[in-house]
1. Of all residues in the stretch 81-102 being in contact with a helix residue (DSSP H, G or I) (Cβ under 7 Å, 6 or more places away or on another chain) and of a type in the set (A, V, I, L, M), which is surrounded by the fewest Cβ atoms within 10 Å (Cβ to Cβ)?
2. Restricted to the stretch 2-29, and to residues that are β-branched (Val, Ile, Thr) and modelled with pLDDT of 95 or more, which residue is farthest from the chain's Cα centre (by Cα)?
3. Condition first: part of a loop (DSSP other than H, G, I, E, B) and closer than 12 Å to Asn165 by Cβ. Now tell me which residues in the stretch 122-152 satisfy that.
4. Before we move on, is Ala69 touching a residue at least 24 places away in the same chain (Cβ under 8 Å) and in contact with a Gly (Cβ under 7 Å, 6 or more places away or on another chain)?
5. Enumerate the pairs (first residue in the stretch 274-302 and free of Cβ contacts under 8 Å to residues at least 24 places away in the same chain; second residue anywhere and of a type in the set (Lys, Arg) and surrounded by fewer than 16 Cβ atoms within 10 Å (Cβ to Cβ)) with beta-carbon separation below 7 Å, excluding pairs fewer than 6 apart on the same chain, so at least 6 apart or on different chains.
6. In the stretch 143-170, which residues are in contact with a His (Cβ under 6 Å, 6 or more places away or on another chain) and small (Gly, Ala, Ser)?
7. So which of Asp291, Asp278 ends up being under 25 Å from Glu219 (Cβ atoms) and touching a Leu at 6+ places or on another chain (Cβ under 8 Å)?
Amino acid sequence: MRLGDIAAKLGAKLEGPEDVEITAVAPIEIAGPTSLTFLSNPKYRRKLKTTRAAAIILSPQEPDPGRPALRSENPYLAFARALELFAPPLRSAPGIHPSAVIASDVRLGRNPSIGPHVVIEEGVEIGDNCVIKAHVMIYQGAKIGHGFFAHSHAVVRENVTVGNNVTLQNGAVVGGDGFGFARQADGSYYKIVQAGTVVVEDNVEVQANACIDRATVGETRLRRGVKVDNLVQVGHACDIGANTLLCGQAGLAGSCKVGQNVVLAGQVGVAGHLTIGDNVIATAQTGIPSDVESNKIISGYPAIDNARWLKCAAAYARLPEIYAAVRRHFSHSDSQDTGD
């Protein structure tokens, strides 16, 4: 594909000849002489000198890279869109595999693509252009919008509501029982019926083996544009704000309210019944035991301001030397006191 054509499709400003032939999109380290690459993180700027790429996507503020360039205010987004030009998403052909088990009252929209051994129970409604891969299970009463894509072994449980353009990656479970048990006099636990539901709004993606638990009563809600990474646990009755990212192995106990545009990085743990404000970033392995105000960057356990945590972490690495210095100081003071 000609570089000029790519620039037009991306809405990027071209610097250099239009007829440069591009055959692939690749990271800056492995790009070849006919590849298009990108620079969005300044720490990779030094690699501009060694990359073999034919052209590069970068911001208008970056200096001349010494090769053809596409200028974009958001180089990473432009790179993502360029990938689609060379590797368009696969689209399954419409049709229903004969091994699929679909209840007689299920309402399917136009152009469904339903794979082998899918089970769709009574009372389910699914909108247009769904793609449901092999071994997906959709329980009774689920209501699902248009553009639904469920990869193999995903599960949508009973009476769950799913919006438009939602993707469930392999093994994702939406609407499994919340972890609710009442302790009895003999020390055993009595299971509390999880009578609530889950609501997943439009443009949400839940990735592999993540679990979104249903509420005991009421609902668990993932609001518009939420992205849930692999192996994430969202507890019962949580409310996750729009365009929030829950990264790998994050875990939220029940009844958390998380604001919009929040990022919980890998292995962040959130205690139950608390509120996290808008635009909060919690760095990897942060433990959050209490409410967090909006617009904070937090780290550590218990979570504190990230700048303060960085100072604490730097001091922690020097604790043996600090401890030795303190001991020497007090030993010297004690010896002086004895001498007096």
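The values are calculated or read from the model by the stated rules, or taken from the named source; none is laboratory data. A quick note: this is a predicted structure, and the numbers were derived from the prediction, not measured. So basically every Cβ, Gly included, is an ideal-geometry build from the backbone, and we count neighbours across all protein chains shown.
1. Per the criteria, the residue is Leu85.
2. Out of the qualifying residues, it is Val20.
3. Selection gives Gly127, Asp128, Asn129, Cys130, Gly145, His146, Gly147, Phe148.
4. Considered against the rule, which asks whether it is touching a residue at least 24 places away in the same chain (Cβ under 8 Å) and in contact with a Gly (Cβ under 7 Å, 6 or more places away or on another chain), Ala69 comes out as yes.
5. Within 7 Å, no pair qualifies.
6. Answer for the stretch 143-170, where residues must be in contact with a His (Cβ under 6 Å, 6 or more places away or on another chain) and small (Gly, Ala, Ser): just Ser152.
7. Asp291
For (1) assigned by TED's automatic domain parsing to the domain that holds Ala7; (2) surrounded by 15 or more Cβ atoms within 10 Å (Cβ to Cβ), each residue gets a yes or a no:
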| position | (1), (2) |
| --- | --- |
| Ser40 | yes, yes |
| Tyr44 | yes, yes |
| Ala55 | yes, yes |
| Leu58 | yes, yes |
| Arg67 | yes, yes |
| Phe79 | yes, yes |
| Ser104 | no, no |
| Gly109 | no, yes |
| Val124 | no, yes |
